[in-house]
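> Before anything else, here's the structure in question.
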Amino acid sequence: MTVGRKLWLIIIVKLFIMFAILKLFFFPDFLKTNFKSDSERGDYVIEQITSPINNK
Amino acid sequence: MEHFNLALVDWSRAQFALTALYHWIFVPITLGTSFIIAIMETIYVKTGDEMWKRITKFWMTLFGINFAIGVATGIILEFEFGTNWSNYSWFVGDIFGAPLAIEGIMAFFMESTFIAIMFFGWNKVSKGFHLTSSWLVAIGSNLSALWILVANAWMQNPIGMHFNPDTARNEMVDFWQILFSPTAVNKFLHVITSAYTYSALFVIGISAWYLLKKRDVTFFKRSMVVGATFGLIASLFMILTGDESARQVFRVQPMKFAAMEGFYYGETSAPLVAIGLFESVPNPQNPKAKEWAAKIEIPNMLSYMATLDPHAFVPGIHDLVHGNKEQGIVSYYDRITRGKTAIQALADYKVAKKANETNKANASLAVFKDNYKDFGYGYYDDPHNLIPNVPLTFYSFHTMVGLGFLFVLIFILTLIYVVKNKISNKKWLLYIALWSIPLGFLAQEAGWMVAEFGRQPWVVQDYMPTLTAVSNIDHTSVMITVLLFTITFTVLLIAEIKIMLKQITGFKDGGH
């Protein structure tokens with residue numbers, strides 16, 4: 001196999017692993033998946049970053 | 001701090017560090033060799049000498065292998081922002097998003113378009129158009145790096161933004177202030193010149209191997225001239241930009257600066273520890289643990305490096321934690337108090353806003369704004385948790401600086417002997433040049449360790465510590481992806497090394 005073909009194969013396999021496996025099954029967007037609107041996302045993040053005070 | 005899942009924070013950091021470390025194996029070679037190739041091709045076009053065309057093609061093949069294997073490894077970092085670092089991604093808002101989007105467009109349009117012409121356009125387009133494409137690939141890949149480095153610089157020196165307490169996002173108010181912040185300019189120049197230096201080491205190191213084997217001597221002496229000249233110019237600029245970067249760190253991240261020097265107690269006319277060894281690994285949580293087993297100091301140099309005044313006061317870790325009224329340094333204890341006030345005020349503001357209590361909301365907002373600049377300190381009770389790992393930062397910094405000066409020397413000697421046509425007899429120098437390839441990589445990684453470990457615990461300086469930046473996810477899922485990445489990236493690295501070694505060892509200049 002020529003070096004060019006080897007590299008194309010590596011690129012295709014790599015992109016497949018990244019987008020079809022890693023992104024799909026392991027890297028969902030946390031805020032997009034769990035909340036419907038930006039308003040909900042903003043409220044959630046504020047709750048998260050102020051929780052040390054609120055939990056006391 | 002007890003409210004945060006530290007195992008999740010540690011695993012998320014490990015994952016990001018692993019991804020960035022592997023990604024950075026490929027990036028600097030792309031940034032630098034693209035210019036080296038463009039220079040070689042320019043010589044070919046100017047002279048018409050066919051050997052320069054073959055030289056260009058040889059290095060272009062190695063560039064292609066590196067590019068193909070490295071391409072898109074950085075995208076995983078963006079996946080991680082959305083999954084593992086969602087609080088951070090939301091908090092930084094469009095300030096991080098805009099540069100990354102521009103980077104994507106630059107990378108896609110410039111690199112992808114012209115790289116195809118560069119590789120497949122020989123004999124299909126004119127010499128001039130091909131050469132232009134090679135230069136545009138180099139410029140495009142470096143411009144791509146600009147945007148991600150601007151985003152990183154903003155995290156180290158957050159300016160040009162306004163925090164919106166209703167959306168919990170930082171909003172960009174001055175794009176140019178972010179783009180041209182002294183931290184961003186210095187970071188970009190220092191990172192690209194260090195990448196050029198590493199690429200030049202890559203070129204002279206591989207050329208040295210051929211000279212040691214007495215193969216294609218003229219071919220690789222020519223490569224060496226270009227590599228060493230490019231490397232010498234780049235490494236001198238690298239030192240200049242590194243020097244200015246140190247002053248920037250002193251101004252905006254004094255704790256990181258103190259950690260880089262293992263400097264615990266501030267003083268005027270501060271000496272610089274050029275070479276130092278800690279007695280035992282001190283506890284980074286205990287600033288009183290400063291003990292040197294051995295050190296070589298340069299008098300007044302630290303003051304000069306920080307301020308250009310050899311007698312200026314340089315605060316140490318102790319001064320930053322406990323404050324120094326005489327020097328106008330506010331203690332971390334006070335900043336923690338203000339930070340807690342800001343966090344409480346933000347929480348109160350949200351509650352009042354929901355209850356439509358306008359006066360209370362306005363009062364809370366005013367308190368929040370007054371104390372926002374110390375917001376991130378409020379997550380801590382013990383200010384010693386705000387000290388980065390001092391030995392790691394110190395040794396990484398000194399390794400990077402020491403190797404930087406060594407590389408300048410290697411380029412000077414290589415250039416002298418290759419121009420005098422005596423390089424083939426200097427086997428010791430050829431071996432040093434060959435071994436400088438892994439040393440170059442070590443220096444690159446050490447530099448990033450200074451930048452990233454040295455700024456801990458901050459992900460956004462003074463505003464967001466790493467522990468609040470992570471998503472509320474199960475840390476075992478992060479452990480699994482760390483394992484997956486380790487396997488994937490290691491396979492890619494082995495493939496790169498094997499294919500590249502085969503290409504290098506199997507090469508024979510067909511022109512003879």
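The values are calculated or read from the model by the stated rules, or taken from the named source; none is laboratory data. Remember, it's a predicted structure, so these values are computed and weren't measured experimentally. We place every Cβ from the backbone using ideal geometry, glycine too, and count neighbours over all the protein chains shown.
> Going through the stretch B:168-180 one residue at a time, which ones are within 14 Å of chain A (Cβ to nearest Cβ) and buried (at least 18 other Cβ atoms within 10 Å of the Cβ)?
Once the filter is applied, which keeps residues that are within 14 Å of chain A (Cβ to nearest Cβ) and buried (at least 18 other Cβ atoms within 10 Å of the Cβ), the stretch B:168-180 yields B:A168, B:R169, B:N170.
> Then there's this: Where in the stretch B:421-512 are there helices (runs of 4 or more DSSP H), lying wholly inside it, with at least 1 residues that are among the β-branched types (V, I, T) and more than 14 Å from chain A (Cβ to nearest Cβ)?
Once the helices (runs of 4 or more DSSP H) in the stretch B:421-512 are filtered for at least 1 residues that are among the β-branched types (V, I, T) and more than 14 Å from chain A (Cβ to nearest Cβ), what remains is B:427-453.
> Is it the case that some residue within the stretch B:121-139 is within 14 Å of chain A (Cβ to nearest Cβ) and buried (at least 17 other Cβ atoms within 10 Å of the Cβ)?
Taking every residue of the stretch B:121-139 in turn, none turns out to be within 14 Å of chain A (Cβ to nearest Cβ) and buried (at least 17 other Cβ atoms within 10 Å of the Cβ).
> So which residues in the stretch B:247-263 are crowded, with 21+ Cβ neighbours inside 10 Å and over 17 Å from B:V460 (Cα atoms), if there are any at all?
B:A258, B:A259, B:M260, B:E261, B:G262, B:F263
> Quick one: in the stretch A:1-53, which of the residues that are of a type in the set (F, W, Y) and outside any helix (DSSP H, G or I) is nearest to B:V459 (Cα to Cα)?
The residue in question is A:F27.
> Hey, another quick one. Which condition does B:T341 not pass, out of (1) modelled with pLDDT under 95; (2) surrounded by fewer than 20 Cβ atoms within 10 Å (Cβ to Cβ); (3) over 26 Å from B:M260 (Cβ atoms), if it passes all the others?
Among (1) modelled with pLDDT under 95; (2) surrounded by fewer than 20 Cβ atoms within 10 Å (Cβ to Cβ); (3) over 26 Å from B:M260 (Cβ atoms), the lone unmet condition for B:T341 is (1).
> Evaluate the stretch B:380-391: report whether one residue or more is free of Cβ contacts under 8 Å to residues at least 60 places away in the same chain and either more than 14 Å from every other protein chain (Cβ to nearest Cβ) or of a type in the set (A, V, I, L, M, F, W, C) (or both).
No.
> Right, here's the next one. Before we move on, is B:A101 aliphatic (A, V, I, L, M), away from chain A (no Cβ under 13 Å) and out of contact with any helix residue (DSSP H, G or I) (no Cβ under 6 Å at 6 or more places or on another chain)?
Yes: the conditions hold for B:A101.
> Still on this model: Scanning for something assigned to a loop (DSSP other than H, G, I, E, B), touching a strand residue (DSSP E or B) at 6+ places or on another chain (Cβ under 9 Å) and under 22 Å from B:N157 (Cα atoms), does the stretch B:263-283 turn up at least one residue?
Yes: the stretch B:263-283 contains one or more residues that are assigned to a loop (DSSP other than H, G, I, E, B), touching a strand residue (DSSP E or B) at 6+ places or on another chain (Cβ under 9 Å) and under 22 Å from B:N157 (Cα atoms).
> Same structure, new question: Do we have any residue at all in the stretch B:110-118 that's charged (D, E, K, R) and more than 19 Å from the chain's Cα centre (by Cα)?
The answer is yes, given that some residue of the stretch B:110-118 is charged (D, E, K, R) and more than 19 Å from the chain's Cα centre (by Cα).
> List every residue pair whose Cβ atoms sit under 8 Å apart, with the two residues 6 or more apart in sequence or on different chains, where the first one lies in the stretch B:73-85 and is of a type in the set (G, A, S) and the second, anywhere, is surrounded by fewer than 19 Cβ atoms within 10 Å (Cβ to Cβ).
That search, which allows pairs on different chains as well, returns B:G74/B:H23; B:G82/A:P28; B:G82/A:D29; B:G82/A:K32.
> Working only within the stretch B:116-129, note down all residues that are part of a helix (DSSP H, G or I) and in contact with a Ser or Thr (Cβ under 8 Å, 6 or more places away or on another chain).
B:I117, B:M118
> Working only within the stretch B:38-58, note down all residues that are within 14 Å of another protein chain (Cβ to nearest Cβ) and buried (at least 19 other Cβ atoms within 10 Å of the Cβ).
Passing the criteria: only B:F58.
> Could you go through the stretch B:77-92 and let me know if any residue there is more than 19 Å from B:S471 (Cβ to Cβ), small (G, A, S) and within 10 Å of another protein chain (Cβ to nearest Cβ).
Checked the stretch B:77-92: no residue is more than 19 Å from B:S471 (Cβ to Cβ), small (G, A, S) and within 10 Å of another protein chain (Cβ to nearest Cβ).
> Do we have B:A234 as surrounded by 22 or more Cβ atoms within 10 Å (Cβ to Cβ) and at pLDDT below 95 here?
Against the criterion (surrounded by 22 or more Cβ atoms within 10 Å (Cβ to Cβ) and at pLDDT below 95), B:A234 does not qualify.
> Out of the stretch A:1-44, which residues are of a type in the set (F, W, Y), more than 7 Å from chain B (Cβ to nearest Cβ) and either touching a helix residue (DSSP H, G or I) at 6+ places or on another chain (Cβ under 6 Å) or under 17 Å from B:L492 (Cβ atoms) (or both)?
Scanning the stretch A:1-44 gives A:W8, A:F16, A:F19, A:F35.
> Being buried (at least 17 other Cβ atoms within 10 Å of the Cβ) and away from chain A (no Cβ under 14 Å) is the filter here; which residues of the stretch B:4-24 pass it?
Within the stretch B:4-24, B:R13, B:A20, B:W24 qualify.
> Could you check how many residues of the stretch B:298-348 are under 26 Å from B:F91 (Cβ atoms), of a type outside the set (K, R) and outside any loop (DSSP other than H, G, I, E, B)?
Final tally of qualifying residues: 16.
> Would you call B:K325 more than 33 Å from the chain's Cα centre (by Cα), more than 14 Å from chain A (Cβ to nearest Cβ) and either among the polar types (S, T, N, Q) or surrounded by fewer than 15 Cβ atoms within 10 Å (Cβ to Cβ) (or both)?
Yes, satisfied.
> Additional query: Restricting attention to the stretch B:144-159, does a residue exist that is farther than 30 Å from B:M40 by Cα and within 14 Å of another protein chain (Cβ to nearest Cβ)?
no
> Can you report the number of residues in the stretch B:246-268 which are polar (S, T, N, Q) and free of Cβ contacts under 8 Å to residues at least 60 places away in the same chain?
Residues flagged as polar (S, T, N, Q) and free of Cβ contacts under 8 Å to residues at least 60 places away in the same chain within the stretch B:246-268 amount to 1.
> Also, quick follow-up: Take B:L31 and decide whether it is modelled with pLDDT under 95, more than 30 Å from B:A495 (Cβ to Cβ) and buried (at least 21 other Cβ atoms within 10 Å of the Cβ).
Considered against the rule, which asks whether it is modelled with pLDDT under 95, more than 30 Å from B:A495 (Cβ to Cβ) and buried (at least 21 other Cβ atoms within 10 Å of the Cβ), B:L31 comes out as no.
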